[in-house]
Amino acid sequence: MLAEIITIGDEILIGQIIDTNSAWIAKEFNLLGIEIHQITSVSDDATHIKDAVRKALNAHDLVLITGGLGPTNDDITKQTLCELFNTRLVFDAIAFENLQSIFTKRGFTILESNNAQAMLPELCTPLYNTCGTAPGMWFDIENKIVISMPGVPYEMKAMMELEVLPRLKDSFQFPVIRHCTLQTSGAGESFIAEKIKAIEDQLPTHLKLAYLPSLGIVRLRLTGRGTDADALDQEISTYKNLIRNELGNIVYAEGDDTLAENVCRLLIAKKKTLALAESCTGGYVSSLIVQVPGCSECFMGSTVTYSYGAKEKELGVKHQTLATYGAVSEECVTEMLQGVIAKYDTDCAIAISGIAGPEGGTPEKPVGTIYIGILVNGIQKIKRFQFENNRIRNMERAAMAALHMLRIGLEK
C-alpha cells in the first residue's frame, strides 16, 4: 500500500511551526507495513487542498490529511472535502456529546462556532476525538482511503492510536517491514561504503542498505520487506553481522543509541569515572553526557577554561606552556588532561582546545584547528583535527570526535 501525507496550514509553509506530525505518522505507518511515497504541505486554501488530494488519490492507495479541522474561519478542510467528494454536512450526535462533555469539564459555554464541529460529511465514517473538539473523518473513495485528522499533535496521535491504526489493521493485510540500524563513529560515509561494498553487492533485492550521515556519525540502516517475519529477521541478522564484522570497532551500537549513551554505558560497565576540560566547545561535550540518564554513576564534573588565565588557575596549565606553544597545542591539552584528572580524581578525562572560528586562525593554525586529548587509566592520546570555518559545526564535530576517541580507549 502506497500512501501520501498531506499537512494543511499556512503556519507550516511560512516556517512558523515544524511539521512533526508527518515524521510521527511515517514512523507508525512504516511499522505497520505502509510505504509513505510522498509528503506534501499545502496552504489554507480550498483550491490548493482539492488539487493536492486529487493528485494524491491518482497516485496512492491511502491519503492521510492533518490540519484545518478547528472552529475558526481558516479551518476549511471539512467543507473542502465535502465539496471534493460531493457530499453534505450532517449532524453527528456522538460528536456533539463529546463537545458538551469537554466544555462542561472546562467550565466553558459552547459557542456557535464550536457547534459546527459536530457537523460531519455524510459520506465519511467519523473518527472521534478523545483529546479535543474536532472529530476526524474516514472516507472510502473508489477503493481508496482518505483520512482527515486534527493538526494538533497530541490530538492526532491519540486518534491514530485509538482509531486509525486499529481500523487499518482490521481492514488490510500488510507486508512485513523490518529495520536494523548500526551506529558508527570515527569514519566517513565513503570509507564505510568502500569497506562494505562486497557485502552490499550481495544483498537480495528485498533488502536495502541506507547511509544516514551526520557530524561525526554515520548510521547504516538495513531495511527488509517480505511476508515471512521470521525469515526476514534471520536475513537481516545475517547481513548485519557481516557488516559488523567487516567494520570492526567503527560500529559502536545497534539501534538508536547516541555516542554519549554508549560512552556512559562503557564507563559504568568498567566502573570508570570521567571528567572533562573544555575550551572551544564551551561545555558542549558535558551537555551531551548529562543528557544520558544515569550518567551520575560515571560523570564527576567538567571545567570550561576558555581564557589563558582560566586554564592556568583552574587546571594548572603552566604559563610558560601557553606562552611558548599557545592554548591550541598538544602541550596545552596534555596539561589540561593532567589538571582535570587531578581536580576531579577520575580514571578518565577528555580535554579539548581549538579555534572554532570564524575568526582567530593563523597560517600555522587555521580556523578549525582543534586538539583533542583523552586519558584512560594513565594512557594518553592526543590528536590534532582540522575541521572547517563554521563555528557551531566545529564544536559539534569536536564533541563527536572526543567521544569517539574515548570510546575506542575504553574498548581496549
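Just name the residue that is surrounded by the fewest Cβ atoms within 10 Å (Cβ to Cβ) out of those in the range 128-141 that are free of Cβ contacts under 8 Å to residues at least 40 places away in the same chain and over 29 Å from the mean Cα position of the chain (by Cα).
That would be D140.
Restrict the check to the range 268-284 and report whether at least one residue is within 25 Å of the chain's Cα centre (by Cα) and in a helix (DSSP H, G or I).
Yes; the residues of the range 268-284 include at least one that is within 25 Å of the chain's Cα centre (by Cα) and in a helix (DSSP H, G or I).
What's the number of the only condition in (1) within 16 Å of K144 (Cβ to Cβ); (2) at pLDDT 95 or above; (3) within 34 Å of the chain's Cα centre (by Cα) that F85 fails to meet?
Just one mismatch for F85, condition (3).
Can you confirm whether the range 183-196 contains a residue that is more than 16 Å from D256 (Cβ to Cβ), among the β-branched types (V, I, T) and exposed (fewer than 15 other Cβ atoms within 10 Å of the Cβ)?
No, the conditions are met nowhere in the range 183-196.
Restricting attention to the range 352-406, and to residues there that are hydroxyl-bearing (S, T, Y) and surrounded by 18 or more Cβ atoms within 10 Å (Cβ to Cβ), which single residue is farthest from V292 (Cα to Cα)?
Here the residue is T369.
Please count how many residues of the range 51-79 are in contact with a strand residue (DSSP E or B) (Cβ under 9 Å, 6 or more places away or on another chain) and under 16 Å from M159 (Cα atoms).
7
So is D201 closer than 14 Å to Y239 by Cα, out of contact with any Gly (no Cβ under 8 Å at 6 or more places or on another chain) and not hydrophobic (A, V, I, L, M, F, W, C) or not?
Criteria met by D201.
Consider V304 against the criteria (1) surrounded by fewer than 21 Cβ atoms within 10 Å (Cβ to Cβ); (2) free of Cβ contacts under 8 Å to residues at least 24 places away in the same chain; (3) assigned by TED's automatic domain parsing to the domain that holds R393; (4) not charged (D, E, K, R): it satisfies all of them except one. Which criterion is unmet?
Of everything listed in (1) surrounded by fewer than 21 Cβ atoms within 10 Å (Cβ to Cβ); (2) free of Cβ contacts under 8 Å to residues at least 24 places away in the same chain; (3) assigned by TED's automatic domain parsing to the domain that holds R393; (4) not charged (D, E, K, R), V304 misses just condition (2).
Could you check the range 97-117 and list, in sequence order, the residues that are crowded, with 16+ Cβ neighbours inside 10 Å and in a helix (DSSP H, G or I)?
N98, L99, I102, N114, Q117
Counting just the residues of the range 337-351 that are more than 15 Å from S307 (Cβ to Cβ) and in contact with an Asp or Glu (Cβ under 9 Å, 6 or more places away or on another chain), which one comes out surrounded by the most Cβ atoms within 10 Å (Cβ to Cβ)?
For the range 337-351, the residue satisfying everything is A351.
Please name all residue pairs, on different chains or six or more residues apart, with Cβ atoms under 7 Å, provided the first residue is in the range 90-111 and is of a type in the set (F, W, Y) and the second residue is part of a loop (DSSP other than H, G, I, E, B).
F103/T109; F103/I110
Can you confirm whether N58 is exposed (fewer than 15 other Cβ atoms within 10 Å of the Cβ) and at pLDDT 95 or above?
Spelling it out, N58 is indeed exposed (fewer than 15 other Cβ atoms within 10 Å of the Cβ) and at pLDDT 95 or above.
Of everything in the range 238-260, what is in a strand (DSSP E or B) and either among the β-branched types (V, I, T) or surrounded by 21 or more Cβ atoms within 10 Å (Cβ to Cβ) (or both)? Give them in sequence order.
Across the range 238-260, the qualifying residues are V251, Y252.
Could you list, in sequence order, all residues of the range 222-237 that are exposed (fewer than 15 other Cβ atoms within 10 Å of the Cβ) and touching a Phe, Trp or Tyr at 6+ places or on another chain (Cβ under 8 Å)?
Hits for the range 222-237: nothing passes.
Quick check on my filter: what residues within the range 376-412 are in a helix (DSSP H, G or I), more than 24 Å from the chain's Cα centre (by Cα) and among the acidic types (D, E)?
Across the range 376-412, the qualifying residue is only E411.
Which condition breaks for G226 when tested against (1) touching a residue at least 40 places away in the same chain (Cβ under 8 Å); (2) under 25 Å from R407 (Cβ atoms); (3) in contact with a Pro (Cβ under 7 Å, 6 or more places away or on another chain)?
Evaluating G226 over (1) touching a residue at least 40 places away in the same chain (Cβ under 8 Å); (2) under 25 Å from R407 (Cβ atoms); (3) in contact with a Pro (Cβ under 7 Å, 6 or more places away or on another chain) leaves (2) as the failure.
Taking V152, is it in contact with a helix residue (DSSP H, G or I) (Cβ under 8 Å, 6 or more places away or on another chain) and either of a type in the set (V, I, T) or crowded, with 21+ Cβ neighbours inside 10 Å (or both)?
no
Give me the strands (runs of 3 or more DSSP E) completely within the range 140-232, filtered to those with at least 1 residues that are of a type outside the set (A, V, I, L, M, F, W, C), modelled with pLDDT of 95 or more and closer than 22 Å to I8 by Cα, ordered by residue number.
Ranges flagged: 144-149.
Can G309 be described as over 24 Å from the mean Cα position of the chain (by Cα) and modelled with pLDDT under 95?
no
Return yes when I94 is more than 20 Å from D10 (Cβ to Cβ), buried (at least 16 other Cβ atoms within 10 Å of the Cβ) and at pLDDT below 95 and no when it is not.
No, not satisfied.
From V285, V263, grab the single residue that is touching a Ser or Thr at 6+ places or on another chain (Cβ under 9 Å), under 30 Å from K343 (Cα atoms), surrounded by 19 or more Cβ atoms within 10 Å (Cβ to Cβ) and not aromatic (F, W, Y).
None of the others qualify; the one that does is V285.
The values are calculated or read from the model by the stated rules, or taken from the named source; none is laboratory data. Just so it is clear, the structure is predicted and the values come from calculations on it, not from any experiment. For neighbour counting, all protein chains shown are included, and Cβ atoms are generated from backbone atoms with ideal geometry for every residue, glycine included.
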